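Let me begin by presenting the structure, written as structure tokens, before commenting on it.
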């Protein structure tokens, strides 16, 4: 069972699903879910996609408006990280763990049989209008420099973006995700690592 540092109980544990009502249009709706399987794209409004293949692993990245999915495959093992504010119609089969994203969270899971480690850090914050605009501009610059996967859209308050940036190595891959929502100046950042032996 995942126990985030703030004391919130996790939404999902392996074999069990709990429903926790949350307020929409805030960081309180965001959750990170780890699946021990691939997820079908029909469940998600994918805006951009990229597949990276190395000698011993494959990583697929999906970016959506305010959310993302990472699918990591090593041998016969498949894991998927989903960060979303979607409250319903999510697959519950294969959920290993899940937690709300508000605040700061660290989570690690080891797929012992495949000798793969998954680690993620999630941080959320609410920025003032000026700081949000500066952060938005900085993220656009970073996306151009690193050829990151990016999607722009607008909400009632202005310009928003979701971005996935990645560094790949022989035995591991690092993915940084940034989701900026103008309404409320909401920013969600994740840093994820998949590493195999």
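At a glance:
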{"quantity": "Boolean, residue 167 is without any contact (Cβ under 8 Å) to a residue 12 or more places away in the chain and closer than 15 Å to residue 70 by Cβ", "calculated": "yes"}
{"quantity": "The listed residue being more than 24 Å from residue 58 (Cβ to Cβ) and modelled with pLDDT of 95 or more, out of 132, 178, 151, 118", "calculated": "132"}
{"quantity": "Criterion (surrounded by 16 or more Cβ atoms within 10 Å (Cβ to Cβ) and more than 25 Å from residue 47 (Cα to Cα)) met by exactly one of 122, 187, 173, 116", "calculated": "116"}
{"quantity": "Subset of the stretch 133-162 (residues that are over 25 Å from residue 82 (Cβ atoms) and in a helix (DSSP H, G or I))", "calculated": "133, 134, 137, 138, 141, 144, 145"}
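The values are calculated or read from the model by the stated rules, or taken from the named source; none is laboratory data. This structure is a prediction, so every number in the text was calculated from the model and none was measured. Reconstructed Cβ throughout: ideal geometry from the backbone, glycine too, with neighbour counts over all protein chains shown.
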